[in-house]
Amino acid sequence: MAKAKRKAERSSIELSDVHRELQKVLHQGTVLLGSKETVQAVLNDEARVVIHASNCPEQVKQVFTDAVINGDEELIVYEYPANSLELGLACGKPYSVASLCITDPGDSAIVRVLTPEEQPKEKTLNIDTR
């Protein structure tokens, strides 16, 4: 269930919302840039959110996927819909960033933005139409 929840379609997530909240986290929260730091934080259960570029190496992506599969229910993994250079620029860096992790979101709502919304179940009314 956790895997399905984390791998839910992200098309409803607006990139502008991700950018806005990422900027807040960079200024007010704690962010670790780079694959080495991100993998280490995931393995030590310090990461709350992982964002990786679309061209992030497969072995690095596998570490994130394994963490979610192995029961880290609170870890949110988001694939940024652009390459690592664009992710770096979104972070205000002049270099590429394959992955980053957020250990403290600060006042940002990035956890809420990246969490897929549960679809409300339809309520059926028992109305007698006779």
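The values are calculated or read from the model by the stated rules, or taken from the named source; none is laboratory data. In this text the structure is predicted, and so the values were computed from the model without any measurement. As a convention, Cβ positions derive from the backbone with ideal geometry for all residues, glycine included, and neighbour counts pool all protein chains shown.
Observations
- Residues considered: LEU43, LEU33. Of these, the only one that is buried (at least 18 other Cβ atoms within 10 Å of the Cβ), over 21 Å from THR115 (Cβ atoms) and touching a residue at least 12 places away in the same chain (Cβ under 8 Å) is LEU33.
- Applying the set (1) at pLDDT 95 or above; (2) part of a loop (DSSP other than H, G, I, E, B) to ASP107 leaves exactly one unmet item: (1).
- Every pair of residues 6+ apart whose Cβ atoms lie under 9 Å, when the first sits in segment 67-94 and is in a helix (DSSP H, G or I) while the second is surrounded by 16 or more Cβ atoms within 10 Å (Cβ to Cβ) and among the basic types (Lys, Arg): VAL68/ARG6
- Taking segment 1-26 as the range and being at pLDDT below 85, over 13 Å from VAL111 (Cα atoms), part of a helix (DSSP H, G or I) and not aliphatic (A, V, I, L, M) as the test, the residues that pass are LYS3, LYS5.
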